[in-house]
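Laboratory data are not the source of any read-out in this text; all were calculated from the coordinates shown. As the structure is a prediction and not an experimental result, all values here were calculated from the model. Ideal geometry is used to build each Cβ from the backbone, glycine not excepted, and the neighbour counts take in all protein chains shown.
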Amino acid sequence: MTDTARITGLRARAVAAPLAAPHVTASGTLEVAPLVLVDIATDAGVTGIAYAFAYTPLAAKPLSALVQTLEPLLAGQPVAPRAVGAMLAARFRLAGVQGMVAQALATVDIALWDASAKLAGLPLARFLGGQPRPLPAYDGIGMVDPGGVARDTEASLARGFRAFKLRAGRPEAREDLAAIHAARGAAGADAWVALDFNQAFTAPEAVRRMRLLDEAAPAWIEEPVLAQDHRGHAEVRAAIATPVQTGENWWGLPDMRASLDAGASDLIMPDAIKIGGVSGFLDAAALAAAEGRPMSSHLYIEVSAHLLALTPTAQMLEWFDIAGPVLAEPATIRDGHVTAPERPGHGMAWDEAAIARFSL
Ligand SMILES: [Mg+2]
């Protein structure tokens with residue numbers, strides 16, 4: 001038995017990783033992936049790492065600075081993510097653990113779980129008592145015209161995807177219907193196709209649109225109304241045939257519980273950072289199992305591939321590769337599935353030359 005490993009330092013950096021192409025949603029277009037990269041060094045010779053998506057370049061440097069500010073609180077602390085997380089949550093209780101504070105704390109959680117699994121010499125999924133396994137994954141198709149949807153779906157099929165989520169919420173619902181037909185024209189009439197309104201509508205407007213889109217039987221309609229409008233989600237859910245999906249904007253378990261209590265959705269998809277890192281995702285997986293809700297992931301392919309492998313009601317892994325350009329070994333898709341690597345920890349390592357190139 002060795003002494004508990006302790007934290008010796010933290011480094012946070014902001015980068016703007018390139019996206020293969022701008023990604024158009026009903027609530028804005030992503031041109032690049034602004035990321036905050038976090039390294040936590042320990043006295044045991046391992047370094048745990050994590051990244052958070054800042055969504056807008058405006059937020060990347062402030063989030064990076066906030067994470068860096070945690071270094072004096074963390075120095076000398078044990079490599080014990082739950083214990084450190086409880087300490088940090090207490091320090092920020094009056095400020096509120098949401099927004100950038102929650103993102104910052106989640107990066108620390110993920111980096112410390114990474115370090116813990118590396119110290120054990122095990123992939124994160126095995127360290128947590130499970131094992132890497134192939135998880136069905138879907139690719140995201142931006143809100144482009146039907147010809148573009150067909151082309152993007154074909155390109156995605158060629159890269160190994162079998163399931164697709166279309167950004168939706170075009171000026172007219174029939175244009176979204178045409179997009180579904182375009183994707184299925186490329187991928188096959190029975191192809192798994194889901195829709196994402198990205199919070200664009202009021203409940204009555206979402207219902208009006210889904211009356212038309214229900215006939216195409218999409219796998220789900222995601223965030224038809226504002227993420228925090230649990231009652232609006234429930235109204236839509238009661239009025240349409242398509243399953244309602246939500247969860248990527250839940251800040252921790254309190255939001256998840258409020259959503260479940262409101263009957264907001266059939267399906268859930270927490271975000272590994274917003275829900276509270278590895279710890280928060282595991283808690284969410286337990287709650288999803290108790291509630292009998294199929295659970296998918298949002299962003300964070302690399303960590304989600306370990307965590308969904310442990311999720312009793314795992315459904316789909318979202319593929320949106322925001323970090324690949326700064327990783328030494330980016331995640332890969334094979335026959336429509338993603339499998340977590342057997343490397344110790346979550347398996348990510350930085351490509352330092354790329355980070356230097358994309359530094360903000
Ligand atoms: Mg979404």
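If you take the beta carbon distance between residue 6 and residue 98 as r and set R0 to 30 Å, what does 1/(1 + (r/R0)^6) give as a FRET efficiency, to the nearest 0.05? Efficiency for this residue pair is about 0.55.
For residue 219, the residues whose modelled amide H falls within less than 5 Å of its own, excluding neighbours fewer than 5 places apart on the same chain, are 193, 194, 195. Counting Lys and Arg as +1 and Asp and Glu as -1, what is the net charge of the other residues whose Cβ lies under 11 Å from the Cβ of residue 275? In short, -4.
Taking the Cα centre of region 127-352 as origin, work out the dipole magnitude from +1 charges on Lys and Arg Cβ and -1 charges on Asp and Glu Cβ, in debye rounded to 20.
Numbers: 19 positive and 31 negative charges, 75 e Å.
I would put it at about 360 debye.
Taking θ as phi - 60° and the Karplus parameters 6.51, -1.76 and 1.60, the scalar couplings of region 238-255 work out to 5, 9, 10, 8, 5, x, 8, 10, 7, x, 5, 10, 6, 8, x, 5, x, 5 Hz in sequence order, x denoting glycine and proline.
Averaging the sequence gap over all C-alpha pairs within less than 8 Å and six or more residues apart, then dividing by the number of residues, gives region 127-352 a relative contact order of 21 percent. Between the listed residues 254, 189, 332, the Cα displaced farthest toward the positive end of the dipole of the chain, a dipole computed from Cβ unit charges relative to the Cα centre, is found at 254.
Out of the DSSP beta bridges found with both residues in region 127-352, what percent are antiparallel (nearest 5)?
On the way: 4 of 24 bridges.
Just about 15 percent of them are antiparallel.
The fewest-to-most ranking of 296, 265, 359 by surrounding Cβ atoms within 10 Å reads 359, 265, 296. Ordered from longest to shortest, the equivalent ellipsoid semi-axes for the chain are 34, 22, 19 Å, each the square root of 5 times a Cα gyration tensor eigenvalue.
Among 113, 319, what is the fewest-to-most ranking by other Cβ atoms within 10 Å? Mind dumping the intermediate values first?
Working: 113 29, 319 24.
With the sparsest Cβ surroundings first, the list reads 319, 113.
For region 198-318, the alpha carbon positions stretch 38, 27, 24 Å along the principal axes, listed from largest to smallest.
Taking all Cα pairs closer than 8 Å and separated by 6 or more residues, the relative contact order of region 267-360 comes to 23 percent. Taking the helices alone, the chain has a mean residue ellipticity at 222 nm of -12000 deg cm²/dmol, built from -39,500 (n - 2.57) per DSSP H run of at least 4 residues and averaged over all its residues.
Annotation: amide H-H contacts under 5 Å for residue 133 (H modelled 1.01 Å from N, sequence separation of 5 or more, or interchain): 340. Database remark: amide H of residue 226 closer than 5 angstrom to the amide H of 201 (H placed geometrically; neighbours at sequence offset of 5 or more, or on other chains; Pro and chain starts carry no H).
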